[in-house]
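The values are calculated or read from the model by the stated rules, or taken from the named source; none is laboratory data. Just so it is clear, the structure is predicted and the values come from calculations on it, not from any experiment. Heads up, the Cβs are rebuilt from the backbone with ideal geometry, glycines too, and the neighbour counts pull from every protein chain shown. Surface areas here come from the heavy atoms of the whole protein model, side chains and all, with no ligands, DNA or RNA. Shrake-Rupley method; radii C 1.70, N 1.55, O 1.52, S 1.80 Å.
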Amino acid sequence: MCGVVGYTGIKQASAWLLDGLQTLEYRGYDSAGIQVVSPSGNLHGVKCAGRVTTLRERASVANLNGTCGIGHTRWATHGAPTDRNAHPHLDCSGRIAVVHNGIIENFQELRRELMIAGHEFRSETDSEVIAHLVEEAWAGPARGDVARAVRNATDRLEGSWALAVVCADLPGTLVCTRNGSPLVVASTDDGAYAASDIMPLASVTSHVLQLQDRDVATLSPDGSIEICDRDGRPVAHPPSIDIDWDASAARLGGYSDFMAKEISEQPEAIERLLAGRLGKHGIELDELSLTREELSAIDRVVIIACGTSYHVGLTAKVAIERWARVPVQVEYASEFNYNEDVLVTEHTMCVVITQSGETADTLTAARRMRGMGCNVFAITNVLGSTAARESDGTLYIQAGPEVAVASTKAYTAQMVAAFLLALRLALAKGLMSPAEVEKHFHGLELLPGLMREVLSRRWQDKQAARLFRGKVSSLFLGRNVSSATAYEGALKLKEISYLHAEAHPAGEMKHGPIALLEPGFPVVAVVPADHVRDKTVSNIMECIARGATVVGVATDGDEQVAKLCQEVLWVPACPDPLLVPAIAVIHLQLLARYVARDRGFDVDKPRNLAKSVTVE
Ligand code: G6P
């Protein structure tokens, strides 16, 4: 969701700004723009609705000479995705340019006030008020000091922001600040850089600084970065974050799309995550900031997440309840934030699951739980992300950059991380002996091999995808732990193929969804060999009796399912049925991808979606 980039230094700014925006495309956006300060002290820019490739074409015929500039990919919140509403936004004089990620909640009242004061607005966005507020401050006591003008402007704002600001009167000065929305800065030999996340910076540095909320950074062409607090007092640089993957990790490397690449990377991601996790006394999970005694006293777990990560939570609930016998409540962060306070005791553990570590609703919920005195444990992929920094303990899944908007490798890696947590809890509570934990751990170690086997069967998914031709809707079913897999499968299909899909626990079908069924209606039934298989098979029969076309996800050798279903996506037998979701979901990821490609869509950048949802 909205990407911000900024550069000042010795190189031409526009080339890196455009590359940076291209790298941030994965966050999701609908328009883009850049603005550079020319050596003669003027602002020149291009912006447009649509893709960065269109912006590049426009930039190639514009005069964008300058070594300092800012850029933006916009995901529309206030105002349609049009050229006019694209960032950067300028003040009335056209000498101050601003890019913004976040939402200014009090923009209407500010806009009214600024219009009365004579400011002219050119867009319908909330962000434009910032350019005019900086202009006001610049015309007053902050003249000659961009950082101060930005501080004065942000003092008037309510909401969330990551900002990059340039001013034609001070070519070479780039000012950045944030509140709630992510922003990192980096100092290098050829200048200083800013970006919404580390992805665009991986090609220029291996160390970045994550700005603290409300701190204002002034970046200079010699690469220096000065940081002040909201009152203008200099503050020390925050600890630098090491980028531990090389820039090529965020490139396609021979794959046709990032989704294909990331689906294929799942076995290695799990191997990395499990490496060194089995110690002499069971699972090594030092990231937990709780003693063994405190862990053993945990009597309730509240899991908070959004989207795909929420489906990990549903799977984690089954594992934690089965292995550690602790009741688990799984909450959508966006709903949880407006519910009454949950009853939290010192023995309640909050687990936030978030690939990006920046999902606004998840962060708000985690802060609320911490505010209630709860220990918060984050499972995340992004190093130094807000969720990681604000939690009592963080387990990094180390899946590497996930670029495709639809999450795949983070899903299975987060799931395995949750399995580790469940085993650690079971051990601490004395419900499993170290030997039993070890046995389960060896089960987890088999997952990469089983995943590779599923990946080698992708032709099955390609074949099954044909059944979705000409269809407008589908139903995904599963029971117990497989219901979470069904939810995730339906979400994947919706996200990238734009076909309607809904998921239900198989037993719920008779309470409504069965009315959808008619001859040829596609149903995907997740029915691995486990204690609820027979019940789901009965549901498949009910679907078939109504003419539905059923695609089964079943365990090798299940002849009954093979006879019933039009197509079967086979999963190899797994030592523990509880672990099947980590391999079965790969078929559903592949199925969604094949259906989407069959329909001619860009699977990496689905319409309207953002990778990192940084507004509530
Ligand atoms: C967006 C993404 C999803 C992701 C969800 C939660 O909707 O498109 O892929 O699952 O946000 O993101 P998080 O980073 O918190 O896991």
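Per-structure values
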| read-out | value |
| --- | --- |
| Solvent-accessible area of Glu340 with every protein chain in place, 1.4 Å probe, in Å² to the nearest 10 | 150 |
| Förster-model FRET efficiency, 25 Å R0, His500 and Asp602, C-beta, rounded to 0.05 | 0.85 |
| Equivalent ellipsoid, the stretch 144-264 (semi-axes from 5 times Cα gyration tensor eigenvalues, Å) | 30, 16, 13 |
| Hits among aspartates and glutamates - C-alpha to C-alpha of Lys47 under 14 Å, sequence gap 8 or more where chains match | Asp30, Glu57, Asp83 |
| 222 nm mean residue ellipticity, helices alone, for the chain (DSSP H n ≥ 4; -39,500 (n - 2.57); rounded to 500) | -10500 deg cm²/dmol |
| Whether the stretch 3-250 is rounded, prolate or oblate, judged on the alpha carbon gyration tensor where a/c under 1.5 counts as rounded | rounded |
| Among beta bridges that DSSP assigns inside the chain, antiparallel share in %, nearest 5 | 60 |
| For the chain, fraction of C-alpha pairs farther apart than 46 Å, in % | 20 |
| Spin-label model distance (nm) - Glu335 vs Ala435, 7 Å beyond Cα toward Cβ | 4.3 |
| 26 Å Cα cut-off, lysine pairs counted over the stretch 258-445 (separation 8 or more, or different chains) | 8 |
| At least 15 Å along the helix axis (C-alpha) and Kyte average at least 0.0, DSSP helices within the chain | 13-24, 128-139, 307-319, 409-428, 434-455, 481-497, 581-598 |
| Spatially proximal aspartates and glutamates relative to Lys471 (Cα-Cα < 18 Å; intrachain offsets below 8 disregarded) | Asp461, Glu495, Glu502, Glu518, Glu567, Asp598 |
| Sites His347 and Ser40, calculated FRET efficiency, Cβ-Cβ separation with R0 51 Å, nearest 0.05 | 0.20 |
| Dipole of the stretch 114-270, positive direction: furthest Cα of His207, Gly159, Ile243, with charges on the beta-carbon | Gly159 |
| Translational diffusion of the stretch 106-207, µm² s⁻¹ [Kirkwood Rh, Cα pairs; Stokes-Einstein; 37 °C; 0.692 mPa s] | 221 |
| Electrostatic dipole magnitude of the stretch 456-598 [Cβ: Lys, Arg +1; Asp, Glu -1; Cα centre; debye, to 20] | 440 |
| Where the Cα pairs of the stretch 456-598 fall when distances are cut into 10 Å bins, in % | 13, 50, 33, 3 |
| At most 16 other Cβ within 10 Å, DSSP loop - chymotrypsin sites (Phe, Trp or Tyr not before Pro), the stretch 253-331 | Tyr255 |
| The chain - charge dipole about Cα centre, Lys and Arg +1 at Cβ, Asp and Glu -1, debye rounded to 20 | 1340 |
| Positive-pole candidate from His89, Leu590, Tyr29, dipole of the chain, charges at beta carbon | Leu590 |
| Whole-number accessible area per residue in Å² for the stretch 258-445, which is evaluated in the context of all protein chains at 1.4 Å | 34 |
| Environment charge at Leu516 (Cβ cut-off 10 Å; Lys +1, Arg +1, Asp -1, Glu -1) | -1 |
| Extension gain (nm, one decimal) between Lys510 and Thr291, 0.36 nm per residue minus Cα-Cα | 74.2 nm |
| Descending principal axes extents, the stretch 258-445, alpha-carbon based, whole Å | 43, 42, 26 |
